[in-house]
Structure formats: structure tokens, C-alpha cells
1. Could you check which residue among Arg53, Arg28, Arg298 shows the biggest mean-square fluctuation in a GNM of the chain with a 10 Å Cα cutoff?
2. What do you get when you divide the Cα radius of gyration of the range 220-346 by 2.2 N^0.38 Å, with N the number of residues?
3. Excluding ligands, DNA and RNA, what is the solvent-accessible area per residue of the range 138-242 at a probe of 1.4 Å, expressed in Å²?
4. Dimensions of the range 189-246 along principal axes (Cα, Å, largest first)?
5. State the cysteines of the chain left without a partner when partners are defined as other cysteines whose beta carbon lies under 4.7 Å away.
6. Below 16 Å, Cα to Cα, which lysines can Lys80 reach? Residues fewer than 8 away in the same chain don't count.
7. Using only alpha carbon positions, build the gyration tensor of the chain, then give the equivalent ellipsoid semi-axes as the square roots of 5 times its eigenvalues, largest first, whole angstrom.
8. When the Cα centres of the range 109-187 and the range 208-228 are compared, how far apart do they sit, in Å?
Amino acid sequence: MDEERPLLRQAHVSHVLDTLHRPLRDLRISVTDRCNFRCVYCMPKEVFGRDYRFLPRRELLTFEEIERVAGVLVGLGVNKLRITGGEPLLRRDLEVLVERLARLGELDLTLTTNGALLASKARALADAGLTRVTVSLDSLDDEVFRSMNDVDFPVARVLSGIDAAAEAGLPVKVNMVVKRGLNDGSILEMARRFRGTGHVVRFIEFMDVGATNGWRLDDVVPAAEVVRTVGEEFPLEPVERAYRGEVAERYRYLDGEGEIGVIASVTQPFCGDCTRARLSADGKLYTCLFAVRGHDLRATLRSGADDAALEQAVRAVWERRADRYSERRTEETGELRKVEMSYIGG
Ligand code: SAM
Ligand code: SF4
Ligand code: SF4
């Protein structure tokens, strides 16, 4: 590893605004489109079966290429990087990427994982400079969880991953996607379990990402209903938003036992403050989770472009950006051929 590389690119930040005056602050980096789960709302088995063609290795960005793109975006104002997928811990030596990204500056550097491989990886990731981790866990009821991940994976092993992350000193958030009739009965148990642990549970409305998860508005449990359900057992009060672009609405327990978050992307869209870009595993830059098309940065990278040319390409994409899909969502837009969440990264 080369120790000479200058730190703190933020010293040369040159901000960029889109057509709705939204800055670029947040980059989600998908490092693989593969996953060891088949969550029914994300990678249904009927679509992501044996014959599904995942990206071949040569099409994936290398760690070096990811670092270059991330560095350029940090130079344009990004201060938060999230590594995601597919399942990011399936990418070999992920801690090497974390180490490279951690050297780009004083960033919030985080990872979203299903937790299956976290117990063995948490220490290396923390040592490499990860600042925190988000673990997805849709139920504490083993039967419900196994049927949702659809590969019969037990809750206990995800909980061990969460414990390992906490022991390694990583702050933990727990993401639960709530789907009507499937795991809405697990909301309270989730709140009970993580109250007082320091881990924040975030309840996410089931979204119409991709084109394969059979989304229907009736399957969405509104965030307001989640807050009511938890609040009836444990009184809650809203917490002020910490920064522009924060997607979760936060509520704290009145008895001081911590807080929960809700992500109401369907019932209360937050496009007006959306400051995030997404980089797919094969190097396409997307400016909206619900985009139909991305901009091919891998071609730019592999044509030998320097950082200035790369920056110009990203700047041009962001300056044209006008996305606000969630504010315009209808049952019809739900049927567009959007990219899959497992490809673009959640
Ligand atoms: N495999 C990792 C995981 O599950 O944490 C990272 C990738 S996953 C696509 C990122 C997040 O997106 C997860 O928390 C997952 O629950 C969420 N997600 C996937 N499909 C979703 C959907 N249709 N609606 C809402 N959230 C979804
Ligand atoms: Fe895999 Fe995450 Fe999608 Fe589940 S939500 S199938 S763990 S990528
Ligand atoms: Fe951002 Fe697109 Fe989601 Fe709106 S719909 S909040 S623009 S990612």
C-alpha cells in the first residue's frame, strides 16, 4: 500500500448542485450484484435462480477503480460512503477496500450487510477504518426470518454478527423492511429486543425498487403505523433531523432507552433533500434508486481518463440531475423497468 498518497481530499472540495439545487453528499458503492440470501422483496428466487446471469468478474470495478471514483466524488463534496451490494461481504478482501476508502479523508464510512458473514469479518473491517455498520434483519422470529431470506438462514447467526460488530467497537443500526402480512407482526419484538442496547432499529417501508419484487401499495406498512405500534408500548417523541438529506425520521423513547428510525420513502417521500449517488458494481453512476439508466464511468476509467476528466463526467451527470421518483410514484411508475436493488445497492 502506498503511504505517500495525500489524505483529506476534502481540502480541495468543489461543490456541485443538481437542477433542484441539491448538493452531492453521499455515495453508495455496490461491490457485487451477488447475494447469499434471496429475500423475497429483493431477489425473488423465481427470478434470481440458477440460470440468472450475474456480472462476470472482469466487469466489476477493481478496488483501485472504486477508490478513484470515490476520491473524485469526495472532491465534489461527498462526505459519506456506504459500501453495499448484493451482499458486500461476499466480495473477497473487502477490508482492503475499506482501508483504501478510509484514507480518502474524515468520512462517514459505513457498510450495509445481511450479517451472515459479519461475525468473522467485523474485527478486520473495524481495524481497516470502517466507522459503523448497518445490519439488515427482518424478524427475530426464526420461522419468519428464514422464509423471508428464503435460504433458511437462522436469526441467531445474524445476531452473532451484530454482537461481533459491537465488540469490535462499531456502532450498529438494524434495518427491517416491513411487508404487510409477512413480518408486520415482528415490529414490536424488534423494538423490545434492541431498546437499551445502543443499536438503533430502522423500519423501512417496502419499496417498488427494481421490476421483479411484485410490489403493491397494499403491501406497504406506513411508517406512521410503525411509530404508533411501537409508541403504544413504549412512548416516543420525535427527534430533530441531524442533517440535510437524513432519510430516517427519528424517534426517541421517553424513558431514555434509545431511539428508533423510520424510512418512509413511499408515504412521505424525501426527494427534495436527496443528496445521494450510487455506483453499481460494474461502474455505472446512478442518481436515483429508481433510475432506469446509469452513466458508464467504467468506460471513462478504462479509457485512461485522468481524475480531472472523471470529475468532469460526474459533474456533468449531477448538474443534469432532476430525479424525484418517490414524489411522483404511482402504481404505473411501479411497473417501469428500473434497475434491481441488488445491482444498484440499497
Ligand atoms: N445485502 C445487504 C443487506 O441486505 O443489507 C446490502 C444490500 S440490500 C439491497 C440494502 C438494503 O435494502 C437492505 O437493508 C434491504 O433490506 C433493503 N431493501 C431491499 N429491497 C428492498 C425493498 N424492496 N424495499 C425496501 N428496502 C429494500
Ligand atoms: Fe441480498 Fe440484501 Fe437483497 Fe436480501 S436485501 S437479497 S440480503 S441484497
Ligand atoms: Fe432520491 Fe430518487 Fe429516492 Fe427521490 S426517489 S429520494 S431522488 S433516490
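1. Arg53
2. Working it through for the range 220-346, the quotient is 1.34.
3. 43 Å²
4. 38, 29, 19
5. Cys35, Cys271, Cys274, Cys288, each lacking another Cys Cβ under 4.7 Å.
6. Hits, sequence-local ones excluded: Lys173.
7. Working: eigenvalues 183, 101, 91 Å².
Computed over the chain, the values are 30, 22, 21 Å.
8. 20 Å
The values are calculated or read from the model by the stated rules, or taken from the named source; none is laboratory data. These numbers were taken from a predicted model, which means no experiment stands behind them. Positions of Cβ are generated from backbone atoms using ideal geometry, with glycine treated the same way; all protein chains shown enter the neighbour counts. For the accessible areas, the whole protein counts, side chains as well, though only heavy atoms, and no ligand, DNA or RNA atoms are used. Shrake-Rupley method; radii C 1.70, N 1.55, O 1.52, S 1.80 Å.
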